[in-house]
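Written below as structure tokens is the structure these notes are about.
The values are calculated or read from the model by the stated rules, or taken from the named source; none is laboratory data. Remember, predicted model here, so these are calculated numbers, not experimental data. Note: ideal-geometry Cβ built from the backbone for every residue, glycine included; neighbour counts use all protein chains shown.
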Amino acid sequence: MSKFVVKDVEGMNGRQAIKQLVVLDNRTDIKKIILADTKGQLEIYEENLETKYENSIEKIYALMDRLSNLRPLNDHEFKDITPRSETVKEYEFKGGDLRVYAIKIPNGKLIILGGYKNKQKQDISAFRALKKLYLKSLIG
Amino acid sequence: MKREKLLNSKTYWMTMIQNDLFGAINNYLKKNKINKTQLAGQLNVSKGYLSQVMNGNFDHKISKVVDLALACDTVPILTFISKEDFIEMDLKGWTYDMVPTPKVKSIFPAFNTNPYVSNLSIQPDNSWDAQSHFVDLQNG
């Protein structure tokens, strides 16, 4: 089983925290981790995007910034996608053909995974699997 | 993504304007307890058009933004401030909030010299030297 830590999303400075999940190898000693040098899920996703998605990822950052500053967001670009049976809220940010999946955490949102419009189904499954592992790790 | 890069992107500012417009329309719908179809009828536009606007898919004429804002009992205040100043203050954790300002001179110097008031269309009279007035008041 992987280990997890969370770190801030760079570029956000609002009142609500926007964080990202950092997935670590099971053998990693968390105490020795330097967060600034360890890539989070959003950073890895952003780094691997083709240049044609530049506007789309900027859009997602703009939406996260509005959310962080408690400003209204339209429900087309920021959706609650929580299934009925789930207790921890799930959200989807939409920017062009890109999708970023997050969950609710105290005083903010935690980015779990980034994906694409044409792979939504698989991405949401992967997001929920990762969410489950993360929440399980919190219980211990 | 670095905050400076985000604040320099066209997508960021488009997202801000589009979602502020969404917020104004959404508030109007809630306040007046009407739905999109009814508002579209009032505005003499199609429901599809209104949905497009509310979904953040809006890049039309300034006159249409003004029309929509007025129809929602709001006024669109568009201000232009130095990008350099904005980014500098944003990185310090400041934001530019609109505050109503009296057209008459205030006896409080800080009020007249507040940089966060000067970006409003209603501006204090710059010919009045607030600082020297303050000194005069101090000296009786």
Where A:Met12 falls short, out of the listed (1) farther than 20 Å from B:Asn19 by Cα; (2) of a type outside the set (D, E, K, R); (3) surrounded by 13 or more Cβ atoms within 10 Å (Cβ to Cβ); (4) touching a residue at least 24 places away in the same chain (Cβ under 8 Å):
(1)
Do we find that A:Ile18 is among the aliphatic types (A, V, I, L, M) and without any contact (Cβ under 8 Å) to a residue 40 or more places away in the chain in this structure?
no
Leading residue by the ranking (nearest to the chain's Cα centre (by Cα)) among those in the stretch B:3-25 that are farther than 18 Å from B:Met54 by Cβ and either surrounded by fewer than 16 Cβ atoms within 10 Å (Cβ to Cβ) or more than 8 Å from chain A (Cβ to nearest Cβ) (or both)
B:Trp13
What is the number of the single condition among (1) of a type outside the set (Ser, Thr, Tyr); (2) surrounded by 14 or more Cβ atoms within 10 Å (Cβ to Cβ); (3) away from chain A (no Cβ under 14 Å) that B:Gln52 does not meet?
(3)
Run B:Leu39 past the list (1) more than 14 Å from chain A (Cβ to nearest Cβ); (2) surrounded by fewer than 16 Cβ atoms within 10 Å (Cβ to Cβ); (3) without any contact (Cβ under 8 Å) to a residue 60 or more places away in the chain and report the number of the one that doesn't hold.
(2)
Of all strands (runs of 3 or more DSSP E) completely enclosed by the stretch A:16-109, which ones contain at least 1 residues that are loosely packed, with under 14 Cβ neighbours inside 10 Å?
A:78-80
Residues that are at pLDDT 90 or above, within 24 Å of A:Lys94 (Cβ to Cβ) and out of contact with any strand residue (DSSP E or B) (no Cβ under 6 Å at 6 or more places or on another chain): list the helices (runs of 4 or more DSSP H) wholly contained in the stretch B:27-88 that include at least 2 such residues.
B:36-43, B:47-54
